[in-house]
Each structure stands twice: as structure tokens, then as C-alpha cells.
Amino acid sequence: MQNHQENYIKIMKEKNKNKLVTYSILTMGCQLNENDSEKIAGMLENMGYSFIEDYKKANLIIFNTCCVRENAEERLLGKIGEIKKIKERRNVILAIGGCMMQEKNMVDKIKKSYPFVDVIFGTHTMQNLPENIYKATVKQEKVKDIMDIDGEIYEGLPIKRNDQFKASVTIMYGCNNYCTYCIVPYVRGRERSRKPEKILEEIKQLAQEGYKEITLLGQNVNSYQGDNNIRNFADLLEEVCKVDGIERVKFISPHPKDFTDDVIETIAKNKKICRMIHLPLQAGNTKVLQEMNRKYTKEQYLALVQKMKTKIPDIVFSTDIIVGFPGETDEEFEDTLDVVRKVNFEQVFMFIYSIREGTVAAGREDQIPEKIKHERFNQLKELYNNSVDKNNEKYIGTVQNILIEGYSKNNKTTFTGRTDTNKVIIFEESEECRIGDMVKVKITEAHKWYLKGEIIDTKK
Ligand code: 5AD
Ligand code: SF4
């Protein structure tokens, strides 16, 4: 962390001393944003702020925004409107950051129509928050702190994590792929990888604190670039698996085009790596994929899945799919359904294509009518829903490694956890084990969104 930010942390801590000054963060979007919010929370706690769940009651409200899809904008403006009403009644500081603040027209709109917003910060200036909050609260200035060029990687930001046993670790920032529908490369900048030793230092520290599960994060996680020793993503995965105390390793999101054989080998030989691989398909038709600039064909995607299924027999897949990309015909959409049938994904995240100004696909004139997009969405949803029962039933009678994540919401004697393939499972608690333990559980029942089981061994 930079020295002068440390100074602002000290000043604010002194100012907030012996007072209850609360903060709340509303995080929109992906796990990278969640991880950024954990760092924002870390800075604020060091500045003497205390966390409060309900943002409407907080003295300092942070919105960490996302702009991947269109509806996020309306949602954000609605929330800002809510805060305006609160501001009319009492003193509250509103700071808005994240991906959407890297879009110039959005910032202009907020400055013009919502001048009461106190701080606007971007994805490359998050580390300046102590100074910016100081300016807004002590100096009562309106602050706009956005940088268009890629930020450096700031190591050592304080962090307050949301979970006790599962932790996310961002290993690379940005994206160089320019898929034609996607705004991310414009708001998150070019790919930058953290130094392997910094990542491993963080993970060893987490293991010492009792964390069991690590999720490596990056917009394009498998294009990670290391150094002479730990050269690439495969090497890094290997090293993370060696960290004592870490029982489970996950990563999101890889790009199929960068899924090299060495990564597949590493997964095959390391049982700690989660057996559900998220492999974003986006579309099943080769022409659509080409127009999306995805750099693989339908056949190459299917061949990759087949290769992984052969080398890692217990593997399952999850995916992201966009329906209604400009120009997509009914026949082309059929290819998406065909791939879904062939791969038999255990989880499908479905999105209706939404125009993102500034991207290549936004300029196309052959946009698909809303009605057709919705019909395709429903067709895909039905196909997926029908596959869920069959996939879940396969688990009955099997014995699974489970990381106990907590108690079930509705029943305080029932544990909940996940299998190596990311399936949610609930089972009766046992006195011999606690939250955070790995146990063996036999699956007895399959339901639509979870499995039921019983502990058969409290040692993994
Ligand atoms: N419209 C719809 N979905 C999108 N995604 C990214 N950009 C768009 C868009 N313009 C989806 C992709 C990506 C996921 C995070 O969001 O499927 O993998
Ligand atoms: Fe967007 Fe494509 Fe980059 Fe993913 S790989 S963040 S979809 S441009």
C-alpha cells in the first residue's frame, strides 16, 4: 500500500475514534468485484469504520458497480435515487466505484443528474479510497478519481474477507481478448499478472489463518503470465496445490482457447483441484463464435471437452452462454443446443445478449428482436432444466469429499457443503466435525438444486 494512503488511513482512524461510524458496500457483478469489495472493506475497517449490513442505515455507502450487461445501469440509477432521499434527511457519504465508472458517458451522466454523489472512483484507482474518503468527509469536496490507463498492481492492500474458510485470490487483472460483445477489455484494461511469489505468499498466509479453499480469479485466468520459475497458469496451479492446509483449489474464468495440455495434466494429477471446470462456451455455432472473436470452433470446443473427460474421468463442466448475438439464426442457435446436449453441463449461466456501447457487436444492424431472444433463452433453460435431475441422480450411492461450509439456513443441525464437482449437499451434523472440515459423505437423495447425504467418515 502507498505511504500517503497509509497516512490518510491514520487521519481517518483518529477522526472516527470512539464513534460508531458505519459503512456498507453493495457489490454488483462478478467475483472479481466481490474480491475488490473485500479490499475496500479492509481499507475502511482500518479507517475506523464499522460494517453494517443494511446500506440504508450506513454513514458511508459504497456501490461497487458492474457494466457487463445493460440492466445494471437502471439498477444503479435506481439505487442512487434511494440514497438521494436518505441524503435529504441525514448526512451520508455516497461513493461509487467499479467497472461502470470506467465508462465516460456514465460518469458524465452521474455528474450531471446526480451531483450529490460524493466520490466517483474507477477500477484503477480503488487504492486511493482513503484519500478520497478523507476529501469527501473532512474537506466536503466532491471527488472524481478515474484513470483511463491501466493501473499498476497494488500489493498489500488490507482485506476483510467475507468467509472464514473459502477465499478468493485475484491473480491477474484485465483482458486482451476483445470478444465483440464484451465491455470488460474497455473498463478493466490490458492483462496484468501478479507476481507468483506475491500470490503464493497470500495463499500461505490464508492457509495459516485456517482457510481451506482458494479460488484463483482473473478475467482470463489461464492466460496468467508468471516468471522464469513459475512460468504460467499450470505452474502456478501446481504450486498452489502444494500449500499445506489448502484442501481445495478452484479457478474462474478460463478461456477455452488458452486451455493448454499442461493445465489439463496438472488438474488430472492434483486431486485438490475442483472437478467442476467452468468453460465459457458463449455460442455453439462456429460462424457466431468467429463473429464473437472467440478464436475456437464448435468442433474445437467439443474436442477440448472430450480430451478433458478422457484425461480426468471425474470431471464435469459449467458454462456461460449468450443467446441472441446479432445475426444469430435459428439454425445457428441449434448448434448451441447441440453442444449443451453433447457436453451435458452441470451448470449453465444463461444470458440474453445486451448491447454494450463501444463494443464491435453494438454497431451491428442485424440485432435480434427481443421476442426471439427470449424464446431462445426459454428453450435453452428448458433443455438445461431437464438435464439437471438426471445429472443429480447419478450421484446417489456415491461417496463424495465435502468441505463443510456452514449450517443450512433452515435447519441448525444440518450442515451444508459442496462436492469436488461444486454440487451443494446437505447432511446431518456430527459431533466429530466442524465447519471447515473435509469429510466423506454418502449421497442418499437427489433434489433439483441440492443433494442429501450422510457422513460416513470424518477424515477426508
Ligand atoms: N450481453 C450478454 N451477456 C454478456 N456477457 C458478457 N457480455 C455480455 C453481453 N454484452 C456474459 C458472458 C460472460 C459473462 C460474464 O457475461 O457470457 O462470460
Ligand atoms: Fe469479455 Fe471475452 Fe475478455 Fe471474457 S475473454 S472478459 S468475455 S472479452
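A few comments on the model shown:
- Looking across segment 146-200, the residues that are in contact (Cβ under 8 Å) with a residue 60 or more places away in the chain, touching a Phe, Trp or Tyr at 6+ places or on another chain (Cβ under 8 Å), within 16 Å of ligand 2 (Cβ to nearest atom) and not charged (D, E, K, R) come down to I171, Y181, G189.
- Of the residues making up segment 53-63, none is without any contact (Cβ under 8 Å) to a residue 24 or more places away in the chain and part of a loop (DSSP other than H, G, I, E, B).
- Residue within segment 216-239 that is more than 17 Å from N177 (Cβ to Cβ), within 16 Å of ligand 1 (Cβ to nearest atom), open to solvent by 10 Å² or more (accessible area, probe 1.4 Å) and modelled with pLDDT of 95 or more present: no
- Of the residues M47, M28, M106, M100, the single one that is away from ligand 1 (no atom under 16 Å from the Cβ) and either outside the structural domain of G174 (by TED's automatic domain parsing) or of a type in the set (K, R) (or both) is M47.
- Matching residues in segment 346-367 - criterion: being hydrophobic (A, V, I, L, M, F, W, C) and either in contact with a helix residue (DSSP H, G or I) (Cβ under 8 Å, 6 or more places away or on another chain) or exposed (fewer than 14 other Cβ atoms within 10 Å of the Cβ) (or both): V348, F349, M350, I352, I355, A361
- The residues of segment 276-291 that are open to solvent by less than 10 Å² (accessible area, probe 1.4 Å) and assigned to a helix (DSSP H, G or I), listed by number, are V288, L289.
- Here is the figure for segment 251-275: residues that are within 16 Å of ligand 1 (Cβ to nearest atom), open to solvent by 20 Å² or more (accessible area, probe 1.4 Å) and under 27 Å from G436 (Cβ atoms) total 2.
- Pick from segment 340-385, criterion among the hydroxyl-bearing types (S, T, Y) and either in contact with a Cys (Cβ under 9 Å, 6 or more places away or on another chain) or within 25 Å of E299 (Cα to Cα) (or both), ranking: nearest to ligand 2 (Cβ to nearest atom): T359
- Among the residues of segment 385-439, those that are over 25 Å from the mean Cα position of the chain (by Cα) and hydrophobic (A, V, I, L, M, F, W, C) comprise I396, V399, F427, C433, V439.
- Test: R294 is part of a loop (DSSP other than H, G, I, E, B), within 30 Å of G363 (Cα to Cα) and away from ligand 1 (no atom under 16 Å from the Cβ): no
- Residue among I435, I455, I396 that is among the aliphatic types (A, V, I, L, M), assigned to a loop (DSSP other than H, G, I, E, B), modelled with pLDDT under 95 and surrounded by 14 or more Cβ atoms within 10 Å (Cβ to Cβ): I435
- Considering residues of segment 40-50 that are open to solvent by 30 Å² or more (accessible area, probe 1.4 Å) and part of a helix (DSSP H, G or I) only, the residue nearest to I11 (Cα to Cα): N46
- Strands (runs of 3 or more DSSP E) enclosed by segment 100-214 - at least 1 residues per element that are loosely packed, with under 14 Cβ neighbours inside 10 Å and at pLDDT 95 or above: none
- Among the residues making up segment 4-36, a single one is free of Cβ contacts under 8 Å to residues at least 60 places away in the same chain, over 17 Å from K135 (Cα atoms) and either part of a helix (DSSP H, G or I) or small (G, A, S) (or both): S24.
- Residue within segment 369-378 that is away from ligand 1 (no atom under 16 Å from the Cβ), open to solvent by 10 Å² or more (accessible area, probe 1.4 Å), in a helix (DSSP H, G or I) and closer than 27 Å to I456 by Cβ present: no
The rows are residues; the columns are (1) closer than 22 Å to E239 by Cβ; (2) within 16 Å of ligand 1 (Cβ to nearest atom).
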position: V143; (1), (2): no, no
position: D150; (1), (2): no, no
position: D163; (1), (2): no, no
position: N176; (1), (2): no, yes
position: R188; (1), (2): no, yes
position: K198; (1), (2): yes, no
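- Candidates K309, K257, K271, K250 - the one that is under 22 Å from the mean Cα position of the chain (by Cα) and closer than 21 Å to Q400 by Cβ: K250
- In segment 61-87, residue most open to solvent (accessible area, probe 1.4 Å) [restricted to those that are away from ligand 2 (no atom under 16 Å from the Cβ) and among the hydrophobic types (A, V, I, L, M, F, W, C)]: L77
- Filter result for I96 (under 13 Å from L77 (Cα atoms), part of a strand (DSSP E or B) and open to solvent by less than 10 Å² (accessible area, probe 1.4 Å)): yes
- Number of positions in segment 325-345 that are in a loop (DSSP other than H, G, I, E, B) and surrounded by fewer than 21 Cβ atoms within 10 Å (Cβ to Cβ): 4
The values are calculated or read from the model by the stated rules, or taken from the named source; none is laboratory data. Worth saying up front: this structure is predicted, and the values here are computed from it rather than measured. Cβ atoms come from the backbone with ideal geometry, glycine included; neighbour counts cover every protein chain shown. These area figures cover heavy atoms from the full protein model, side chains too; ligands, DNA and RNA do not enter into them. Shrake-Rupley method; radii C 1.70, N 1.55, O 1.52, S 1.80 Å.
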